[in-house]
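Here's the structure, in structure tokens; my notes come after.
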Amino acid sequence: MVTGGLEGAGVFGEVTTRQAGDDDAVCGVRPRWVALPETVEEIAAVLRACAERDLAVVPAGGGTKLHWAPPPERCDVLLDLCCMNEVLEHAAGDLVVRAQAGVTIAALSAALAGEGQELALDVPFGEDATVGGTLAAPLPGPRAFRYGTARDLLIGITVVLPDGTVARSGGKVVKNVAGYDLGKLFTGSYGTLGVIAEATFRLHPMPPERRWVVAELGGARVPAVAAALAASQAEPSAVEVDRPDPAGPLTLAALVEGTAAQTRGETLRELIGPAEVSGEPPSWWGQVFGDDVLVEVRFPASGTAAVLDAAAGCGLSLRGSPVAGRVLLEPGRELDEDELAATVSGLREKVEAAGGRVSVLAAPCQGVDRWGHVSGLPLMRRVKERFDPGRRMSPGRFVGGI
Amino acid sequence: MDTLIAALRSLLPHDSVITDPVRLRTYECDGLTYHRATPGVVVLPGTAEQVARVVRLCNDFGVPFVARGSGTGLSGGALPREDGVLIVTSRMRAILEVDLADRRAVVEPGVTNLAITEAVRDRGYYYAPDPSSQQICSIGGNVAENSGGAHCLKYGFTVNHVEACEIVTPDGDLVTLDRMDPGYDLLGAFIGSEGTLGIATKITVRLCRAPEAVTTVLAAFESIEQGGQAVSAIIGAGIVPAAIEMMDALAIEAAEAAVACSYPEGAGAVLIVELDGPAAEVERQFAQLEEICSAAFELRVAADPAERAAIWKGRKSAFAAVGRISPAYIVQDGVVPRTSLPAVLAAIDRLSAEHDIKVANVFHAGDGNLHPLVLFDDGDPGAGERAEVVSGAILDLCIEHGGSITGEHGVGVDKSRYMPKMFSADDLDTMQLVRCAFDPQGLANPGKVFPTPRLCGEVPGVRKGVHPLVESGKADQL
Ligand SMILES: Cc1cc2nc3c(=O)[nH]c(=O)nc-3n(C[C@H](O)[C@H](O)[C@H](O)COP(=O)(O)OP(=O)(O)OC[C@H]3O[C@@H](n4cnc5c(N)ncnc54)[C@H](O)[C@@H]3O)c2cc1C
Ligand SMILES: Cc1cc2nc3c(=O)[nH]c(=O)nc-3n(C[C@H](O)[C@H](O)[C@H](O)COP(=O)(O)OP(=O)(O)OC[C@H]3O[C@@H](n4cnc5c(N)ncnc54)[C@H](O)[C@@H]3O)c2cc1C
């Protein structure tokens, strides 16, 4: 069925398809069609049809991060997963949920909250962001310090390969070492290996209490305070810092969850100094700055001081976790392409000297080295060649032009 | 093989190449002793560079290679090839770096799991994954098997605790896979690949801060059903203990005979529950736990580390202990959703009665990971076969209930024939894509994990006649 123009009629059989408009462009590349599959089989049908006609495909969830990563080399079909929006199975007694890729994080959270459970990811824009998009473009949120990232919570996945093959790995039990873990491979693949159709996650019981310990802190004290918090037996779930003005004050907030949160929060306060213990997070907690330009830095804890200095030196706003070794940076003002490229390379030099890595998640231009040197790149290329020999899945959108 | 051996000798120190048949035989099996093969040659490299050179040589000669750590694997993963090289990591045992500021340690693959914890314990840290074999098994083997332990219910598996691996790829390149790097999560794909995607030569692990409080509880129930209900109630109450282990009457009897663990007499099942974390939280959860376990006829709480060790002693000795009550046994490893435990245990009972084969049940109840010990008398003709049938039927049960054929021991040679029951041909073909990307020649631990490996150039779906790998003797048809 095709609506809004007949050009695609028959190409995708029974799958709902419409003509693409300007709003459907991915980083300026306008597809010809938008396909809206409703089942795994329909995804497979679309991808088979694309394979036969050598059409390039970009999968889309809520579209909140479609402008991250470079523009695709080509894009004929935007595969919109919004109709795959069913929570398939919530086995509360097993602390497991299986959902289709298009389910929004907000809808999933609501379903789980009914049983006092949660998926321990902190996804901003949860109203729009989907399960599939969160897996394909995952960023560690604050609580990754305790629970790990999306790849650590994913226990099973159904994917559709560019030739239409439907493949599963993992399952619906947490403990499972049978076969290769395709979920790991597809998590963070930015749509370049195939389409994530369904995912199964392990869940956590919703903590009965939460407390945030919030303090303003001199930047120089952050490394020592963060180290003390990370080592604390009061077990914070997250520690985040926020410094919107590169030359301005820095706020640190630590989260404790579970029982006895107030007492444990007070224990943490002793490590920090003057601080407030509150039942509410600070307004910036787990939020993104604007993301026209967004840079991610990962680093070992011992590199904290160097990263804070480098960010300030490069005039970048900073938010993220000194205990998990991950911050997001954003330029304080608009930079042109050359300025941005210079800022990134200056930052990268300092960060890499401290054992860290710099990735540019979002940038409106081409002339920036987004990823720097990637040790496993030749192997990654070989993986891409095996999964997508025709280079039809989000071509050019990932490391090394994969 | 002779020219290969000569070439190996020219690459490695003289005492690193073993060809003496008597010494070769000490490597003929891992912990799963009924699969045996004498390796063509054994090498004991001392450095990553040496491992890489050996692997490159294997490529030049088109000869398969198998990695081996401590040989405690229970699925035949380290089973050697008679026509191949066995690469043993026992000379790569250095802890290269311990950095508590970064909460990580960098170790060589032959380092034992427990050695890492021992290196940092007095400073209040530990390495979380704790397989029962932790005194002996190597961290390289743990990476290959994605090993877990009793405490993985709360803390996860090896894959959740490894930050980076230096690997020798199947074509002999040294590559570092780091969680910090952008790009595909090849580290995640490598961990648990059972030596089929290359050899880990350096591993960076995450260290955890020791918890403030640990409370270990032994609860004795009249029946396994009551024990199972308690497990569900604990999870239902929103408690995530560090561990929940269960043993049935037969397993208790064995442990009693072997190590005199003095578990409460007359118990149909015992539950070991370990709570850990901030003291205030553990205290609160313990109060909840006491209430939940009200059906238990005895509840013991360990007051100190010695008493904790006493509670764990029976559980940790369980595998070996069944040797006291049965001349022979099969250790099975399967997983079911926790809520299916009662149905599956009842079905195992029925299987046991039907085939006249006793089954002792020991399991990680918290995550539904069963370790049924299938007991038989190898002097009794036919008993071994009946035990095999029961053991296999248990895996069928796991699959039927949406579980897995292995929770921690891996597929190896032992379970590759069950893979097609758990996964479709398309699933397996897709996994082969990963294999072919890493190992186009099919030289890294061939014949393990996957039933009939396809050659990497082959088109899926068209299998005719004898498989070329089988014909050339590189693989066995299963
Ligand atoms: C500050 C911050 C904190 C964050 N915290 C977390 C966190 O705690 N945990 C976490 O996991 N994530 C986190 N994220 C990541 C972010 O929330 C996700 O990237 C987002 O959910 C994307 O969802 P979407 O549906 O809008 O994807 P889209 O914007 O539609 O797509 C994003 C990318 O994924 C691809 N894609 C989308 N759907 C599929 C699919 N089904 N199959 C294959 N490829 C697909 C697209 O092609 C595109 O490249 C965070 C992000 C930020 C900025
Ligand atoms: C009594 C007993 C209790 C056990 N308890 C547990 C348990 O609680 N949890 C659990 O998960 N397992 C358990 N096991 C199984 C076993 O100990 C683990 O699988 C362990 O990780 C194997 O380590 P190893 O060094 O002995 O590896 P090996 O047996 O030597 O090898 C295992 C596999 O790893 C590969 N390999 C070895 N080193 C490397 C390397 N450096 N790079 C790449 N591949 C490599 C081998 O090729 C093989 O496929 C137990 C085993 C026994 C005998």
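The values are calculated or read from the model by the stated rules, or taken from the named source; none is laboratory data. In this text the structure is predicted, and so the values were computed from the model without any measurement. As a convention, Cβ positions derive from the backbone with ideal geometry for all residues, glycine included, and neighbour counts pool all protein chains shown. Accessible surface is based on the protein model in full, side chains and every heavy atom, while ligands, DNA and RNA are left aside. Shrake-Rupley method; radii C 1.70, N 1.55, O 1.52, S 1.80 Å.
I'd like to check something: does region B:197-204 contain any residue that is within 14 Å of ligand 2 (Cβ to nearest atom), part of a loop (DSSP other than H, G, I, E, B) and crowded, with 18+ Cβ neighbours inside 10 Å?
Yes, region B:197-204 contains a residue that is within 14 Å of ligand 2 (Cβ to nearest atom), part of a loop (DSSP other than H, G, I, E, B) and crowded, with 18+ Cβ neighbours inside 10 Å.
When the residues of region A:262-298 are filtered to those that are more than 30 Å from A:VAL374 (Cβ to Cβ) and among the charged types (D, E, K, R), which remaining residue is nearest to ligand 2 (Cβ to nearest atom)?
Residues of region A:262-298 more than 30 Å from A:VAL374 (Cβ to Cβ): A:262-285.
Next, only the ones that are among the charged types (D, E, K, R) stay: A:264, A:266, A:269-270, A:276, A:280.
On the way: A:ARG264: 31, A:GLU266: 38, A:ARG269: 39, A:GLU270: 38, A:GLU276: 44, A:GLU280: 42 Å.
Taking the candidates together, the pick is A:ARG264.
Please enumerate the residues belonging to region A:140-191 that are acidic (Asp, Glu) and facing chain B (nearest Cβ under 7 Å).
Taking region A:140-191 first, the residues acidic (Asp, Glu) are A:152, A:163, A:181.
The answer is A:ASP152, A:ASP181.
Within region B:328-363, which residues are open to solvent by 40 Å² or more (accessible area, probe 1.4 Å), part of a loop (DSSP other than H, G, I, E, B) and within 14 Å of chain A (Cβ to nearest Cβ)?
Of everything in region B:328-363, nothing turns out to be open to solvent by 40 Å² or more (accessible area, probe 1.4 Å), part of a loop (DSSP other than H, G, I, E, B) and within 14 Å of chain A (Cβ to nearest Cβ).
What is the residue count in region A:176-205 for residues that are touching a strand residue (DSSP E or B) at 6+ places or on another chain (Cβ under 6 Å), within 16 Å of ligand 1 (Cβ to nearest atom), within 27 Å of B:VAL335 (Cβ to Cβ) and among the aliphatic types (A, V, I, L, M)?
Residues flagged as touching a strand residue (DSSP E or B) at 6+ places or on another chain (Cβ under 6 Å), within 16 Å of ligand 1 (Cβ to nearest atom), within 27 Å of B:VAL335 (Cβ to Cβ) and among the aliphatic types (A, V, I, L, M) within region A:176-205 amount to 5.
Hey, A:LEU95 hits all of (1) in contact with a helix residue (DSSP H, G or I) (Cβ under 9 Å, 6 or more places away or on another chain); (2) within 30 Å of B:ARG338 (Cα to Cα); (3) not assigned by TED's automatic domain parsing to the domain that holds A:LYS175 but one; which does it fall short on?
With (1) in contact with a helix residue (DSSP H, G or I) (Cβ under 9 Å, 6 or more places away or on another chain); (2) within 30 Å of B:ARG338 (Cα to Cα); (3) not assigned by TED's automatic domain parsing to the domain that holds A:LYS175 applied to A:LEU95, the lone miss is (3).
Looking at the structure I just gave you, is A:GLY396 more than 9 Å from every other protein chain (Cβ to nearest Cβ) and either surrounded by fewer than 18 Cβ atoms within 10 Å (Cβ to Cβ) or part of a loop (DSSP other than H, G, I, E, B) (or both)?
Working: more than 9 Å from every other protein chain (Cβ to nearest Cβ): yes; either surrounded by fewer than 18 Cβ atoms within 10 Å (Cβ to Cβ) or part of a loop (DSSP other than H, G, I, E, B) (or both): yes.
The answer is yes for A:GLY396.
Go through region A:375-393 residue by residue and tally those that are part of a loop (DSSP other than H, G, I, E, B), surrounded by fewer than 20 Cβ atoms within 10 Å (Cβ to Cβ) and at the interface with chain B (Cβ under 9 Å from one of its Cβ atoms). Write out each step before concluding.
Keep residues of region A:375-393 that are part of a loop (DSSP other than H, G, I, E, B), which gives A:375-376, A:388-392.
From the residues that got through so far, the ones that are surrounded by fewer than 20 Cβ atoms within 10 Å (Cβ to Cβ) too are A:375, A:389-391.
Remaining after also requiring at the interface with chain B (Cβ under 9 Å from one of its Cβ atoms): A:375.
Residues that pass the stated criteria total 1.
Does region A:104-162 hold any residues that are within 8 Å of ligand 1 (Cβ to nearest atom), of a type in the set (Gly, Ala, Ser) and within 23 Å of A:LYS184 (Cβ to Cβ), and which are they? Working first, answer last.
Looking only at region A:104-162, we keep the residues that are within 8 Å of ligand 1 (Cβ to nearest atom), and these are A:104-105, A:121-126, A:128-144, A:149-150, A:159.
Retained after the next criterion (residues that are of a type in the set (Gly, Ala, Ser)): A:126, A:129, A:132-133, A:136-137, A:141, A:144, A:150.
Scanning region A:104-162 gives A:ALA129, A:GLY132, A:GLY133, A:ALA136, A:ALA137, A:GLY141, A:ALA144, A:ALA150.
Between A:GLY116, A:GLY13, which is open to solvent by less than 50 Å² (accessible area, probe 1.4 Å), away from ligand 2 (no atom under 16 Å from the Cβ) and in contact with a strand residue (DSSP E or B) (Cβ under 9 Å, 6 or more places away or on another chain)?
A:GLY116
State all residues of region A:199-244 that are closer than 24 Å to A:ALA111 by Cα, within 13 Å of another protein chain (Cβ to nearest Cβ) and either in a loop (DSSP other than H, G, I, E, B) or open to solvent by less than 30 Å² (accessible area, probe 1.4 Å) (or both); if no residue qualifies, say none.
A:THR200, A:LEU203, A:HIS204, A:PRO205, A:MET206, A:PRO207, A:PRO208, A:SER237
One line per residue, one yes/no per condition, for (1) open to solvent by 30 Å² or more (accessible area, probe 1.4 Å); (2) aliphatic (A, V, I, L, M); (3) at pLDDT below 95; (4) over 30 Å from A:ARG210 (Cα atoms):
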site: A:SER283; (1), (2), (3), (4): yes, no, no, no
site: A:ASP291; (1), (2), (3), (4): no, no, yes, no
site: A:VAL307; (1), (2), (3), (4): no, yes, no, no
site: A:LEU316; (1), (2), (3), (4): no, yes, no, yes
site: A:ARG319; (1), (2), (3), (4): yes, no, no, no
site: A:GLY325; (1), (2), (3), (4): no, no, no, no
site: A:GLU334; (1), (2), (3), (4): yes, no, yes, yes
site: A:VAL344; (1), (2), (3), (4): no, yes, no, yes
site: A:CYS365; (1), (2), (3), (4): no, no, yes, yes
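What's the number of the only condition in (1) more than 8 Å from ligand 2 (Cβ to nearest atom); (2) crowded, with 24+ Cβ neighbours inside 10 Å that B:TYR126 fails to meet?
Looking at each condition in turn, B:TYR126 falls short on (2).
So that you can scan it fast, the table gives a plain yes or no per residue for (1) over 29 Å from B:ASP333 (Cβ atoms); (2) open to solvent by less than 30 Å² (accessible area, probe 1.4 Å); (3) touching a Ser or Thr at 6+ places or on another chain (Cβ under 8 Å):
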position	(1), (2), (3)
B:ARG23	yes, no, no
B:GLY31	no, no, yes
B:VAL63	yes, yes, no
B:LEU74	no, no, no
B:LEU79	no, yes, no
B:GLU82	no, no, yes
B:THR89	no, yes, yes
B:ILE95	yes, no, no
B:GLY110	no, yes, yes
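Residues in region B:411-428 that are facing chain A (nearest Cβ under 9 Å) and open to solvent by less than 30 Å² (accessible area, probe 1.4 Å): how many?
Within region B:411-428, the subset facing chain A (nearest Cβ under 9 Å) is B:411, B:415, B:418-419, B:422-424, B:426-428.
Now restrict to residues that are open to solvent by less than 30 Å² (accessible area, probe 1.4 Å): B:411, B:415, B:418-419, B:423, B:427-428.
Total meeting the criteria: 7.
State which residue is nearest to ligand 2 (Cβ to nearest atom) when the search covers only region B:154-165 and only residues that are part of a helix (DSSP H, G or I) and open to solvent by less than 20 Å² (accessible area, probe 1.4 Å). First the steps, then the outcome.
Going through region B:154-165, the residues part of a helix (DSSP H, G or I) turn out to be B:154-155, B:158-160.
Okay, now just the ones that are also open to solvent by less than 20 Å² (accessible area, probe 1.4 Å), so B:158-159.
Working: B:THR158: 8, B:VAL159: 12 Å.
So the residue we want is B:THR158.
For region A:162-190: of the residues being open to solvent by 10 Å² or more (accessible area, probe 1.4 Å) and touching a residue at least 60 places away in the same chain (Cβ under 8 Å), which is nearest to A:GLY325 (Cα to Cα)?
Restricting to residues being open to solvent by 10 Å² or more (accessible area, probe 1.4 Å) and touching a residue at least 60 places away in the same chain (Cβ under 8 Å), the top hit is A:TYR190.
Hey, B:ALA249 hits all of (1) within 14 Å of another protein chain (Cβ to nearest Cβ); (2) under 21 Å from B:VAL331 (Cα atoms) but one; which does it fall short on?
Here B:ALA249 clears every test but (1).
Report yes if B:SER223 is more than 10 Å from chain A (Cβ to nearest Cβ), small (Gly, Ala, Ser) and more than 30 Å from B:GLY62 (Cβ to Cβ), otherwise no. So that I can check it myself, show each step before the final result.
On the way: more than 10 Å from chain A (Cβ to nearest Cβ): yes; small (Gly, Ala, Ser): yes; more than 30 Å from B:GLY62 (Cβ to Cβ): yes.
Judged against the criteria, B:SER223 is a match.
What are the residues in region B:1-24 that are without any contact (Cβ under 8 Å) to a residue 24 or more places away in the chain and within 16 Å of ligand 2 (Cβ to nearest atom), if any?
Hit for region B:1-24 is B:LEU24, nothing else.
Tell me which of these A:VAL34 doesn't satisfy, since it passes every other one: (1) assigned to a strand (DSSP E or B); (2) in contact (Cβ under 8 Å) with a residue 40 or more places away in the chain; (3) away from ligand 1 (no atom under 15 Å from the Cβ).
(3)
Among the residues of region A:85-104, is any part of a loop (DSSP other than H, G, I, E, B), polar (S, T, N, Q) and surrounded by fewer than 21 Cβ atoms within 10 Å (Cβ to Cβ)?
Looking through region A:85-104, at least one residue is part of a loop (DSSP other than H, G, I, E, B), polar (S, T, N, Q) and surrounded by fewer than 21 Cβ atoms within 10 Å (Cβ to Cβ).
Let me spell it out: the conditions are (1) part of a loop (DSSP other than H, G, I, E, B); (2) within 19 Å of A:TRP284 (Cα to Cα); (3) not charged (D, E, K, R), and A:VAL368 meets all of them except one. Which number is the exception?
(2)
On the basis of being over 25 Å from B:GLY457 (Cβ atoms) and surrounded by fewer than 21 Cβ atoms within 10 Å (Cβ to Cβ), does A:LEU361 make the cut? Step through it out loud before you land on a result.
Details: over 25 Å from B:GLY457 (Cβ atoms): yes; surrounded by fewer than 21 Cβ atoms within 10 Å (Cβ to Cβ): yes.
When the stated conditions are applied, A:LEU361 passes them.
On the basis of being in a helix (DSSP H, G or I) and within 14 Å of another protein chain (Cβ to nearest Cβ), does A:THR304 make the cut?
Details: in a helix (DSSP H, G or I): yes; within 14 Å of another protein chain (Cβ to nearest Cβ): yes.
Spelling it out, A:THR304 is indeed in a helix (DSSP H, G or I) and within 14 Å of another protein chain (Cβ to nearest Cβ).
Please find, within region B:166-196, the residue that is farthest from ligand 2 (Cβ to nearest atom) out of those that are among the small types (Gly, Ala, Ser) and free of Cβ contacts under 8 Å to residues at least 40 places away in the same chain. Steps first, answer last, please.
Within region B:166-196, the first condition is being among the small types (Gly, Ala, Ser), and the residues that meet it are B:172, B:183, B:188-189, B:192-193, B:195.
Now restrict to residues that are free of Cβ contacts under 8 Å to residues at least 40 places away in the same chain: B:183, B:188.
Details: B:GLY183: 21, B:GLY188: 15 Å.
If we take residues in region B:166-196 being among the small types (Gly, Ala, Ser) and free of Cβ contacts under 8 Å to residues at least 40 places away in the same chain, then B:GLY183 is farthest from ligand 2 (Cβ to nearest atom).
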